[in-house]
Amino acid sequence: MSLAEEVALLRKIPLFSNVEESKLKLLAFTSERMVFNSGDVLFRQDQMGDAAYIIMEGRADVIVNTPNGPLTVAQVGKNDFVGEIAILCDVPRTATVQAASEMVTLCISKELFFRLVTEFPQMAVEIMRVLAQRLEKTTRQLREAVAHN
Amino acid sequence: MESSIFGFTLRHSWRQQLVLLAIIVTSYPFIYLSLDLPKQIVDQAIAGSGGFPKTIDLGFARWELDQIPFLMVLSFLFLSLVILNGAFKYYTNTYKGRLNERMLRRLRYELYVRVLRFPLPQFRKMSSGEIIPMITSETDPIGNFIGESLATPAQQGGMLVVYLTFIFMQDPILGVAAISLYPLQGWLIPRLQRKVNNLSKQRVRMMRIVSDRIGDTVAGIQEVRVNDAAAWHLADMSRHLGEIYHVRYEIYHWKQFIKFLNNFINQLTPFFFYAIGGYLVITGSISFGALVAVLAAYKDLAGPWKELLDWYQLKEDVRVKYDQVVEQFHPEGMRDPAGLLQDPRDDTPLTGDLAANALSFASDMGSKILDGVSFSIPVDGHTAIVGVGSGSGADELALLIAGLLTPSQGRLRIGDRDLPGLPESVIGRRIAYVGANAYLMNATLRENLLYGLRHRPLRPPAVDPARRAVLAERAAESRRAGNVDFDIDADWTDYAAAGVDGPAALDARVHELLRTVELTADVYGLGLLGTLDQTRDPAAAEKVLAARAAIQAELSDPLLGTLVERFDPDRYNNRATVAENLMFGTPVGGEFAADRAATHPYVRDVLDRTGLTGDFLRIGLKLGQTMVELFKDLSASPDLVEQFSFINAEDLPAVQAVVQKVGRDGVAALKGDDRARLLQLPFRLVAARHRLGLIDEPMKRRILEARHLFSSAFPAELRGTIEFFDVARYNSAASIQDNILFGKVALGLPQVGARIHGMLAAVVERTNLWDVIVGVGLDMPVGIGGSRLSLAQRQKIVIARALLKNADLLIVNEATAALDGASQAVVHTMVLEARRGRGLVWVIHRPDLARQFDRILVMQGGHLVEQGTFEELSRPGSVFADVLDPE
């Protein structure tokens, strides 16, 4: 897959949908492409993280350790962005992500991510917007869950 | 050391100075003759006074000569005098030069000896930034002066006397006129010179401060950066340089003034000649010819006189420099010089008890750090020293036992020998010390480990008989300069001291010790990245090739196969750069350095012949455009550009200019550097990594063609500048890891590093390569002060070094602080085990580790507060029990 195709893919990810073309190109060029076989682990829960992944092909399971053993709580796929929490706020990984099929990802290191965000503030604004939406969504879910109980 | 430069010169070179003096005195009559002869030629031969033929009578033979032959004889006599005087000068100058260099060597060596003898506290007052220029640059003018110190006044002063004698012979009144102003000069110049001397002293002091500041900056560069202190340092430096500027200008000013005064006075003298001499000629008291000769002689007089004054200025300058250097090298409490080189007199094992009696130690500020410490412990036992609180004195106690500090009061004895009185040669062999500050010399790891076994040259090196005479002369010259004549190339390793019988056994012992301090894996890791010289160890290279074959088999496993893309002469390697694909080898030396490949004529030739030049320009242009587009906004963060782009941040504007030029005029218009710049860009492309779609399949095939041409037409005169990838041959220019893998590691696979490491470890184990790789790791340079290694690694090496030395008593002073808790405990146990039955004193920072020792000394506030076994001391209420279990 060439750089141009990667840029087209990045464009479809909500986090980057409003970011300038040339910045996306830079992001694609500077990040590393990583390939995972089915069953490979992208990262493990409770370990410190130093990279986030943009999924370009394939699917992965999001697995959380519970007292009753590992529990798959969600599945992520093409155009999803995983692992960003650990690189944004220095907390251990909140879940394990394991490839459920052959996967192609763009791996963005923590260092690179922060450099780009500092260099290009509009990217930071976009990320803030997406995170705020996500927060609003979780809060709503929590409220609903509380209401149900 | 002699307190004045003249003392130093006379003491070490009086013989040579006498020889010089004798040669110079011998030359005086010839100089006089060369002055007198012109007068003879003019008066006797040309003017023909006295008539012809002339008779030359040498006693045993006589000649009658007419005017022309007489002129010729005199002229040739003059020519031989010129040659003879020239020869005298040449010989004395070379003689002086050799004397200078020898004395400079001696001076530097003596200063260095003094550094080795300094008491430890001196190094708190003097920094290396001060010491280094004193021994290196400040001694330079001193050395250059020594040959001149007697020769110049003798030579130039003698000449002056000869000229003056000549003038006096012509006419005493003119003679008096010639020297009439010398008393004035002799009175005035030294007064002015004194001013210059004081300024020179200031200059030397200021320069030392600057050296010290630079040294500080280099050592503390991290602090400078994290504290944003650069501006402060720059201002500080600016002030010091400014002060130096003023002083130097002042010196220059005064020196020029002295010169001006001299010139002026010298010009004044002819005034007397014209006035008095002219009067004498007119009144007929002297001949006209005599006045001309006197004037000529006076002109010649100016030369030696000027030389003498220069010599005087230089002498004063050097005297000041010498005093200022030497006074710094006379601290109190220097060590005995005999201890450095003499063989130990009573080098018998240390036995009996290590006993301290009312031992005290005060710092150089006078405060008591150890006070009245008394104990007696068996030398071959295991003793822990536990320090309670800060300023416990445990550290100083260890330093005292190691002979690194001298007690201010009380006694410290081992058996019936006073420890402070033992020479360095005994302490250095019988006692081993490991401090918290693990310093390694800038040498290989192996040399650092063997450092404690190299006291004297033990076995002479194998010497080529043809070089034997040269080496003997070198050694003789060393002795003449008062240097030691030990051969650094000899085998210094004391195998017997390490308890082994030769190099092979020592090697085994080193490997064993690496395991003891848990360092084998680290050294193996270093070795993997190191290179092996196959001409020195062909058997090891063979083993690496065997491992390469084994990896081949391993990689045929589909799970592992994608990890490494092997080098195949007939396939394009997607993980390698275009340069590597084209040259298909590792550049040796700078000839084919990857960042300059496009400028190499042979590379250009291959590109031209395969028609790739145009394509490379096209790819380069595309690449340049992309890089400019991606990175032009990032000029504020050059490191990001550096890390990811093909272009250095500072080159980016140049590439941008080239790209714009092409946009305007087309590729064809590019010339010279611009063209090379564009052509260079594709060489760093890695197809699999950069994903720019610029290297497609047809292009790969054409690069392969170019590769074949590149190797088949490779010019003979370039042989050795590239190690081509050849599966059957060891590549001396590549690391061991690269040699085994023989390919490029895949990118973008999870845990690729760990998986390759595991695969390598398995193959290395199977092919018995482990020891070879650890051996290569041992040959890796550790960097300045061991900076290439972590502090924990350095501490382990220093412990291994002390164990290898196999001393009677090992003192360990908090030397495991940088290790993590688990390895601390392991290393402790291993070292205790290794020292079973041998003496060990360990200052420990974790009281729980004291359990394994025979006895414990508890230090608090400079006093020995408790001593006994672990059981005795851990009863409730004791100081030790308190620190052992603070709750």
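Below, the figures for the structure above:
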{"item": "Drop in accessible area of at least 40 Å² in the complex versus isolated chain, residues of the range B:689-722, 1.4 Å probe", "result": "B:Arg691"}
{"item": "Calculated log₁₀ intensity ratio I(q)/I(0) where the Debye formula runs over C-alpha points of chain B, q = 0.08 Å⁻¹", "result": "-1.06"}
{"item": "Percent accessible area from carbon and sulfur atoms, the range B:85-184, protein chains only, probe 1.4 Å", "result": "66 percent"}
{"item": "Listing of the range B:593-636 residues, each with accessible area lower by at least 30 Å² in the full protein assembly than in the chain alone (probe 1.4 Å)", "result": "B:Glu629, B:Leu630, B:Asp633, B:Leu634"}
{"item": "Accessible surface of the range A:3-148, 1.4 Å probe, proportion on carbon and sulfur as whole %", "result": "56 percent"}
{"item": "Cα-based reach from B:Lys632 at 16 Å (exclusive), listing lysines while leaving out same-chain residues under 8 positions away", "result": "A:Lys23, A:Lys25, B:Lys622"}
{"item": "Residue-averaged beta-carbon neighbours from other chains (10 angstrom radius) around A:30-36", "result": "4"}
{"item": "Over 30 Å between alpha carbons, listed pairs B:Lys39/B:Lys315; B:Lys89/B:Lys321; B:Lys671/B:Lys700; B:Lys39/B:Lys306; B:Lys89/B:Lys255", "result": "B:Lys39/B:Lys315"}
{"item": "Mean accessible surface per residue for the range B:722-784, computed with a 1.4 Å probe while every protein chain stays in place, in Å²", "result": "39 Å²"}
{"item": "Per-peptide average of other Cβ atoms within 10 Å, ordering B:560-571, A:33-44, B:315-326 highest first", "result": "B:315-326, A:33-44, B:560-571"}
{"item": "Residue (of A:Met128, B:Pro69, B:Ile179) at the positive-pole extreme of the protein assembly as shown, dipole from beta-carbon charges", "result": "B:Pro69"}
{"item": "Å² of accessible area per residue within the range B:204-323, as computed with a 1.4 Å probe and no ligands counted", "result": "61 Å²"}
{"item": "The range B:578-723, accessible surface, carbon-and-sulfur percent (1.4 angstrom probe)", "result": "49 percent"}
{"item": "Cα lying deepest toward the dipole's positive end in the range B:84-188, options B:Tyr91, B:Leu104, B:Ile132, charges on Cβ", "result": "B:Ile132"}
{"item": "Distant-in-sequence amide H partners of B:Glu723 (H built 1.01 Å from N, under 5 Å)", "result": "B:Thr586, B:Val588"}
{"item": "Rough spin-label spacing in nm, given labels placed 7 Å along Cα→Cβ, for B:Trp187 and B:Glu650", "result": "6.1 nm"}
{"item": "Chains B and A together, accessible area buried on both sides, 1.4 angstrom probe, square angstrom", "result": "1900 Å²"}
{"item": "Local electrostatic count, B:Pro457, Cβ distance below 13 Å [Lys/Arg +1, Asp/Glu -1]", "result": "-3"}
{"item": "Residue of A:Pro67, A:Pro92, A:Pro121 that the Gaussian network model of chain A assigns the largest fluctuation, springs spanning Cα pairs under 10 Å", "result": "A:Pro67"}
{"item": "Value of D in µm² per second that Stokes-Einstein yields for the protein assembly as shown, Kirkwood Rh from Cα pairs, at 25 °C (0.890 mPa s)", "result": "65 µm²/s"}
{"item": "Charge tally in the Cβ shell below 12 Å around B:Ala476, where Lys, Arg are +1 and Asp, Glu are -1, B:Ala476 excluded", "result": "+1"}
{"item": "Theoretical ellipticity at 222 nm over chain B - DSSP helices of four or more residues, -39500 (n - 2.57) apiece, nearest 500", "result": "-18500 deg cm²/dmol"}
{"item": "Calculated from backbone phi, Karplus (6.51, -1.76, 1.60) coupling profile of the range B:142-153 in Hz, x at Gly/Pro", "result": "5, x, 5, 8, 4, x, 7, 4, 9, 5, 5, x"}
{"item": "Which of B:Ser711, B:Ser3 is most accessible, then next, and so on - probe 1.4 Å", "result": "B:Ser3, B:Ser711"}
{"item": "Whole-Hz ³J(HN,Hα) from phi, Karplus 6.51 cos²θ - 1.76 cosθ + 1.60, for the range B:416-433, glycine and proline x", "result": "9, 10, 6, 5, x, x, 5, x, 3, 5, 7, 4, x, 9, 8, 10, 10, 10"}
{"item": "List B:Asp615, B:Asp371, B:Asp738, ordered by accessible area with a 1.4 Å probe, largest first", "result": "B:Asp738, B:Asp371, B:Asp615"}
{"item": "Per-residue HN-Hα couplings for the range B:850-863 [Karplus 6.51, -1.76, 1.60; θ = phi - 60°; Hz; x = Gly/Pro]", "result": "6, 3, 7, 9, 5, 8, 10, 10, 9, 9, 8, x, x, 10"}
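The values are calculated or read from the model by the stated rules, or taken from the named source; none is laboratory data. Keep in mind it's a predicted model, so treat the numbers as computed, not measured. Using ideal geometry, Cβ is built from the backbone for each residue, glycine included, and neighbour counts are taken over all protein chains shown. Remember, those area values only see protein heavy atoms, side chains included, never the ligands or the DNA or RNA. Shrake-Rupley method; radii C 1.70, N 1.55, O 1.52, S 1.80 Å.
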